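Below is one structure, written out as structure tokens; the observations come after it.
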Amino acid sequence: MNIDIQKKLLDRRRFLRFGAGAAAAASVAQFTAVRALAGQRMMGGGNDYKALVCVFLYGGADTFNLLVPTSASGYATYAASRGDLAESQSSLLPITPLGIGAGEYGVHGSVPELQGLFETGKLAFVGNVGPLVQPTTKGAYLANSVGLPQYLFSHNDQQSQWHLARASGSGYAGWAGRVLDRMPGVGGSTSLSPAIGIGSTAQVIEGDQTSPYVIGEGGTSPIESYDDPARATLRDALLSAESHPLGREYAGTMSTAIDIDAQLSGLLAAGPSFDGVFPESELGAQLRMVARMIAIRSQLGVGRQVFHVGMGGFDTHDNQTGLLPGLFASLSAALGAFQQAMDSIGESQRVTTFTHTEFGRTLSSNGQGSDHGWGGNGLVMGGAVRGQQIYGTMPDLTLDGPDDVGDGRILPTTSVDQFAGTLSKWFGLGQTQMGLVFPNLSNFSNPDLGFMT
Amino acid sequence: MAGFLLPAALALTGCSGSVAQPAADQVLLSQNEAVRFLNRASFGASPADTARVVQIGPAAWIDEQMTQPTTLHLPAMLAQMACAPEVTGDVNCPGDYDYFPAVRLRHELFWNAAIAAPDQLRQRVAFALSQILVVSERHEELAELPFMLASYHDELSQGAFGDFRSLIEAVSKNAAMGEYLGMVKNRKADPVTNTRPDENFARELMQLFTIGLSMLAPDGSVVLDGGGQPVPTYTQTEIEETARALTGWNFPSDITPNSTVEDFLDLDRRAGVMQPWPAFHDDGPKVIVGGVPVPGGLGAEGDLDAVLDTLCNHPNVGPFIGKQLIQRLVTSNPSPAYVARISAVWADDGSGRRGQLGAVVKAILLDPEAIRGVEATPHFGIIREPVLRMSTFFRAFNAGSFTPGTELAWEFAEVLRQGPLTAPSVFNFYRPTDTNQALASQGLVAPELKVTTHSALTDQANLMTFMIFDAMDAAPEQEWEGPLYSAGPLLTAAEVPQSLVALVEGRLLGGPLPSSARSQIISHLDGVPMDVPGRPRGAERVTELLTLVMHSPAYTVQK
């Protein structure tokens, strides 16, 4: 929220008059909530805590420029396909994946933090991931002889297939929401949802029963003007009297906002602020809020949480060479800061961060940028990641080659289902539940990609 | 209570012709119905408009609205700003030119028009169109090109009651849209540099602006094939072919285009209508959506015409665009029959003409499902967009305009999560199908929930509280830079809490508060003092009630 208005609203408290005697009265509900949490502290949050952090790169990130082959033949193929979009070989930062060695791969010049995390075993890449119904060859794609994801290359449909980790069938709930649905009680005794969106909600964390809580980058605020208990009672009467189906959703959201602000505001204010740790970017501000929430998880007594943060601007049809360095730099700096924050509060083993993006982009150029692709490279980060490796199968980047379904749109070699399934297994989803949550996972021979300990 | 139909003989408007009027034109509305009608057909029911609608009926009011002169933003911005680089070039601009005052002015002009412009229906429809044919200042370049954005908004205002084919052509050629979706400077394939045309505009023109992804029946339902699957409206290849057809356009300029790529790419950004550059247009034959062949040699204009004619004649457009207009104005969940009726008007306005937005908008607002409202359909209505939550209050209480040259109008966009041309992407603030799990299980959507999250509604509610206390004309807070609302009638009514509640219900809701809460509120207000030191008499009761009502679901859902 804009700083000026926020400050004015805080100043506003001094001017509002709520009637005799009300000025000094604390909100009864708030007082009660704090006492309840004090009780919970003694029940303990436990060491069985895990968190997943979904970093969604909206627009379709050109991740074939994030992880780049640097062998002589590999780079030559890449450069020939990418034309004016190719990163110069000298600009790439070298990495030494275990089992592959030096000189084969590099990362974009703007991501030194990601390079460092990779080389110290806290980050891994998963090559050429994308929505697939089943393993698909170029021939099968062109012949339309297997089930294919619907509406390929359309932003919102492909975003949806990543959120759902399912490229066919119907249903509303996102994959992490479906996972949380099958972990009842992980919220502990707090009413805070285990699914938390920073700044906005997102389908990936919406389940059939799990309903996300959305917190601003700056934390929570009270809804002003209800210090007077009589007025709060009237407000609640208006909320509970609502019978209109749309009105009831608004009423529920407002009730939850009031309730959760009462629970969280004191804890967040007393918790670490991570001042100076995070860059002041769109992603940095959101990840800082995630870090602040994880830092108070013991006081809340929660067992599992999934966070969603988003970064836009990746739809680089235009001016890609001008825009991509800044986008990747911002991503890298924010992820580096987040891992540093998790290390500093001792949660590195319990928090795993990963990327989603609706598609990679066309290897070929439109003269000023790239268009919508299909497969792209993903990453996972955290102390529990078996890092310094590239999982999955890197594609052949030759235009019109065996992995190119047209104009350099690369056919994925690993499905989103497998990517999400591997994360979910670490998160604690039971084997018997895996097929229910990921119905297409059994189409793939390798349901666990092996990148988690 | 439903609007009652008067026999033609009793209609207050003269019925001069020999052609029998359809029943919808004869409808008259009660006071409350008029308020609810105006909340769909304007930025909020003002007392004056409410009286007018009661007097002459909604159909005649719509007809009157369509004769009002169009409020335009660009001329007003040019009149107030000394320098407009993207309009006149930067010849007269200082070296340290700052675009930000013009950015703020564009927001200020939008809000002042929303609050007080006479062409309310046109402006409301333009606002709806801006959420379908999306251009946004949330863009690397357009963030600094407020005059270009104003010119785009004016295009929507001017086209709001015209034919859709003309509007989509104006939108396709508009420089702001060209910048936003890559139509500008898009050039034909170059085998030497191994480039091909940018597909961005071709794709979104089809997916978002005209026909959508899958075949629709006139009632808006998705057509399914024999295997129960939706039928796509176009293929990836057809996107590529359409992208070829849309090559060769650039910003307007005075120079004669020559054939170098550098000249083409270096041309300065200018607001207005793009120009074709033949050297960069792919003039070969193409096969576009639906397998329609486009012969070679038509040039950029001819190819654009062929693409737009094909798209605008596609049967999807009526249900695809028509249903979204219903969702912006009347209800998030129209019945299939309602959508079908609007599709029919899209296909033929009664005079054999297709895509006539004036006729479509009139049909949407006068449809029996809209007039009967929540009495007939329990889920009827919309979670009010954040902009409309504020504007409805301003208009209900005859608010004035923003203090010129200040930041508040611009700040509104961030606090409200919504503003004029501020969508986070070409997919707008929300999608037509957005919903949550609880509503999805009831078969309902509520796109506006996307901007009504826990975090958003807190900020929106607090802004409303701020305004209620600080913008009272009887006692304005010095720091408030926004419109002042006319509190006189409220302060007078405050003597009798029952009257105050009735006044607020009448102005803001067009209907009663829930009865159980209502009686509690009246009892409570009885105990609130009329005289509080430092405040006008009655102000304590007024601000207390307004805060409760504007934060409530009863106000937040437009019915």
Compute the distance in nm between two label points, each set 7 Å from the Cα along the Cα-to-Cβ direction, one at A:Ser240 and one at B:Leu444. 2.1
Can you compute the helix-only [θ] at 222 nm over chain B? Use -39500 (n - 2.57) per DSSP H run of at least 4 residues, normalise by all residues, nearest 500 deg cm²/dmol. -13500 deg cm²/dmol
Find how much the distance from B:Gln31 to B:Glu414 grows on full extension, using 0.36 nm per residue of separation minus their present alpha carbon separation; answer in nm with one decimal. 134.4 nm
What whole-number distance in Å separates the alpha-carbon centres of the stretch B:444-510 and the stretch B:339-391? 27
Extension length gain for B:Val261 and B:Val222 (0.36 nm per residue less Cα distance), in nm, is 9.6 nm
What is the magnitude of the charge dipole of the protein assembly as shown about its Cα centre, with +1 placed on the Cβ of each Lys and Arg, -1 on the Cβ of each Asp and Glu, and no other charges, expressed in debye to the nearest 20? 2860
Let me check against my output: what whole-number percent is the relative contact order of the stretch B:127-217, with C-alpha pairs under 8 Å and at least 6 apart? 23
Please sort by residue number the trypsin sites (Lys or Arg not before Pro) in the stretch A:107-171 whose DSSP state is loop and whose Cβ has at most 10 other Cβ atoms within 10 Å. none
Would you please classify the overall shape of the protein assembly as shown from the alpha carbon gyration tensor, given that a ≥ b ≥ c denote the square roots of the eigenvalues, rounded means a/c under 1.5, and beyond that prolate means a/b larger than b/c while oblate covers the rest? oblate
Using a loss threshold of 40 Å², tell me which positions in the stretch A:209-223 are less accessible in the complex than in their chain alone. Probe radius 1.4 Å, ligands and nucleic acids ignored. A:Val214, A:Ile223
Suppose R0 equals 25 Å; then what is the FRET efficiency for B:Glu141 and A:Ser90 from their Cβ-Cβ distance, rounded to the nearest 0.05? 0.25
Hey, got a sec? Which trypsin sites (Lys or Arg not before Pro) in the stretch B:327-412 land in a DSSP loop and have at most 14 other Cβ atoms within 10 Å? B:Arg353
What accessible area, summed over both chains, is buried at the B-A interface (1.4 Å probe, Å², nearest 100)? 6600
Enter the accessible area per residue of chain B (Å², integer; probe 1.4 Å; all protein chains in place). 34
Looking at the square roots a ≥ b ≥ c of the eigenvalues of the Cα gyration tensor of the stretch B:371-431, which shape do they give, rounded for a/c under 1.5, prolate if a/b is larger than b/c, or oblate? oblate
Using a basic spin-label model with each label point 7 Å from the Cα along Cα→Cβ, how many nm lie between A:Ala80 and B:Val374? 6.7
Does the stretch A:148-295 come out rounded, prolate or oblate by the C-alpha gyration tensor, with a ≥ b ≥ c the root eigenvalues, rounded set by a/c under 1.5 and, if not, prolate when a/b is larger than b/c and oblate if not? oblate
With the full set of protein chains present, the residues of the stretch A:158-198 whose 1.4 Å probe accessible area falls by 20 Å² or more relative to the chain alone are A:Tyr172
Which of the GluC sites (Glu not before Pro) across the stretch B:432-495 are loop residues per DSSP, with 12 or fewer other Cβ within 10 Å? B:Glu479, B:Glu495
Please work out the Cα center distance from the stretch B:307-330 to the stretch B:511-559, rounded to the nearest Å. 42
Roughly speaking, to the nearest percent, how much of the stretch B:56-112's 1.4 Å accessible area is carbon and sulfur? 55
Report the FRET efficiency, 1/(1 + (r/R0)^6), for B:Asn92 and B:Ser253, where r is their Cβ-Cβ distance and R0 is 22 Å, rounded to 0.05. 0.75
So how many Å³ per residue does the convex hull of the Cα atoms of chain B work out to? 175
Based on the Cβ-Cβ distance from B:Ser523 to B:Gln55, what FRET efficiency comes out when R0 is 51 Å, to the nearest 0.05? 0.90
Return the carbon/sulfur percentage of the accessible area of the stretch A:198-333, one whole number, probe 1.4 Å, all protein chains in place. 47
With a point put 7 Å past each Cα toward its Cβ, work out how far A:Thr453 is from A:Thr432 in nm, to one decimal. 3.0
Carbon + sulfur, % of accessible area of the stretch B:474-559 - ligands and nucleic acids excluded, 1.4 Å: 53
Hey, can you list the residues from the stretch B:365-411 whose accessible area shrinks by 40 Å² or more with all protein chains present, relative to the chain by itself (probe 1.4 Å, no ligands or nucleic acids)? B:Glu411
Keeping every protein chain present and rolling a 1.4 Å probe, give me the accessible area per residue for chain A in Å². 34
Gap in Å between the Cα centre of the stretch A:323-389 and the Cα centre of the stretch B:121-170? 35
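The values are calculated or read from the model by the stated rules, or taken from the named source; none is laboratory data. Please read these numbers as outputs of a predicted model, since none were measured by experiment. Methodologically, a virtual Cβ is constructed for each residue, glycine included, from the backbone with ideal geometry; neighbour enumeration extends over all protein chains shown. Side chains included, ligands, DNA and RNA excluded: accessible areas come from the protein's heavy atoms. Shrake-Rupley method; radii C 1.70, N 1.55, O 1.52, S 1.80 Å.
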